[in-house]
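Every number here is computed from the coordinates shown, using simple stated rules; none is lab data. Predicted model, so just to flag it, every value in this text is computed and none were measured. Here the Cβ positions follow ideal geometry from the backbone for every residue, glycine too, while neighbour counts run over all protein chains shown.
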Amino acid sequence: MFNFDIKVIKMKRHLIIIFPLIALLVFLAVQVFMIISIWQQEKVNMLMRYESLTKEASYRLLAAKKVNGFEKAMDITDKFAGLVINEKLPYLGSAADTANVREEVLNHVYSILQENEALSSFIKEYIKKKGYSTDYKPFTWISYFSLLTDGGQFIISDTVPHEDEIPKTVIIVDSYKEEHNNFVIAYTTLIDLTEINSMVFRKAFFSILLITLSVPIVVLIFWFTWRNLMEERRLSDLKSDFINNMTHELKTPLSTITVAGRTLEKAQINSDPGKVLETAKMISKQSVNLNQLINTILEVSLLERTEFELDRHKVNVDELTHQIVSSFLTSCDGCAVVKEEYKAAGIMLAVDIVYFTTMINNLLTNAVKYSEKDPAIVVSTSVADNEFQVSITDNGIGIPREHIDHIFDKFYRVPHGNIHKIKGLGLGLYYVRRIAAAHGGDVSVSSRPDRGTTFKIRIPI
Ligand code: ADP
């Protein structure tokens, strides 16, 4: 039942992450889709608008002047066609010669149209008046041209483009077919909106900008929410680890006391005063442990509610540090080799002696606790940049890089496989950091796994 509950909670946690992520991806996809749709729609609208504008313009020209604007060009072409019929066609020789004449004639007719037609400039004027950009290329396409000779038609060009050959940006304005004295022509006037993309961009700029802006805003909100969620998760994991550790830590002395109590209840032990004394000592030792544990927890919860109130006194901090190291070694029965290097030149520093002692003791305890070899510790002090510094270096297991940033957090413990193997509540370093900060200083750490760790406390003088 309990396992099942944990599984459900874990699943729910995953869903909390997965659902918003899916929502974010869907949102992004919708935004991209919207930008593409707006772009395509604007492009279609733009092409339709230009198509109707150019058509309107050419009808207006026709209505006003009863001509389509190509009359002058047609007259000139007629004269030119007459000249070609009389002066070129009778003297055509080889096929290459004929092909050359065809090309020359067609090019010339194109230049006549370009120079003499009045429709393009009328359209341009009209579009400008309507407030639209005239950033396009007008041109005329001759699909059929033949010279009328006595013997029939001499075809110069007969090319109808396939639909796929016409670029998507080209708009057909109108098509004409005319027969004059000397020629027959079929031609189409077109405009090519080569700059359509920048025109669409200018038109749709604000809608696209708004949509584009909404993306980073939503991503940012998502990121903040996500980060908070992760932080919440981390804290809740830390708390449950803490409760597990605390339960374990409390149970050990309690069960020893229980067993000792039962031993004392047995009648035969009364005849062995040595055993009674030993058991009583065990009870009192475990009671002290229990008391210390409870005090630590109480102190930390008190720390959370109130600010530190330091009782600072000026002391020779090198001497104080030496005393702390000595009594630590006595209380742990010489559990480590400690090299002491005091270089603070007997400086007098105002510290809270109790808290300062706790801080150094916590670091020394850890230096011994997190060591798999015989602990060799270096305690050194110095003065630099108007700061007193004390560093404690050990030859222990070190701290993996990914945990370094968290070790001063409340309840944080580096997982060492079996979390209960090395006892602790994850409060020691948290306490060190708070005490250092209360003295206006800080604590930093550098560590190399399997080589050792150095903690450095700095306190302004
Ligand atoms: P606790 O020792 O109760 O777990 P601390 O707050 O004192 O809590 O330490 C937090 C974590 O930092 C520990 O779990 C340990 O993994 C790591 N740590 C602290 N000091 C050292 C050290 N000297 N060497 C290696 N690891 C350390």
Amide N of the stretch 365-405 lying under 18 Å from the label point, which is placed 7 angstrom from the Cα of Lys423 along Cα→Cβ: 365-372
Computed Kirkwood radius, in angstrom, where 1/r is averaged over Cα pairs of the stretch 203-304: 18.9 Å
Cα Rg, Dmax (largest Cα-Cα span) when computed across the stretch 1-134, Å: 32.9, 108
Cα-centred dipole magnitude for the chain, charges only on beta-carbon of K, R (+1) and D, E (-1), debye, nearest 20: 2040 debye
In the stretch 286-388, the GluC sites (Glu not before Pro) that fall in loop regions by DSSP, at most 11 other Cβ within 10 Å: Glu307, Glu309, Glu372
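Sum -39500 (n - 2.57) across every DSSP H segment of at least 4 residues in the chain, then divide by the residue count to get the 222 nm mean residue ellipticity, nearest 500.
Value at 222 nm, helices only: -20500 deg cm²/dmol.
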FRET efficiency for Phe205 and Ala95, using Cβ-Cβ distance with R0 set to 45 Å, rounded to 0.05: 0.20
Taking the convex hull of Cα positions in the stretch 79-147, its mean projected area over all directions (nm²): 5.8 nm²
Binned Cα-Cα distance frequencies in the chain - 10 Å width, integer %: 3, 13, 14, 11, 9, 7, 6, 6, 8, 8, 7, 4, 2, 1, 0, 0
Placed amide H near Val338: partners under 5 Å, 5+ positions off or other chain: Ile377
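What translational D, rounded to a whole number of µm²/s, comes out for the stretch 308-460 from Stokes-Einstein when the hydrodynamic radius is the Kirkwood one over Cα pairs, at 25 °C and 0.890 mPa s?
Details: Rh = 15.7 Å.
Rounded, D is 156 µm²/s.
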Protection proxy ranking, peptides 134-140, 86-92, average beta carbon neighbours within 10 Å, highest first: 134-140, 86-92
Relative contact order computed over the chain (Cα-Cα under 8 Å; 6+ residues apart), in percent: 10 percent
Label-point gap, in nm, between Ile35 and Asn116 - each point 7 angstrom along Cα→Cβ: 5.2 nm
Cα→Cβ-extended label distance, 7 Å offset, between Ile404 and Val383, nm: 3.0 nm
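Please compute the length gained on full extension between Asp442 and Asp333, using 0.36 nm multiplied by the number of residues separating them and subtracting their Cα-Cα distance.
Here the segment from Asp442 to Asp333 would lengthen by 36.2 nm.
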Cut-off 18 Å (backbone N to label point 7 Å along Cα→Cβ of Asp164), residues of the stretch 170-198: 170
Nitroxide proxy distance, nm - points 7 Å out along Cα→Cβ at Lys55 and Lys129: 2.0 nm
Residues with amide H under 5 Å from that of Thr194, placed H, sequence gap 5 or more: Lys137
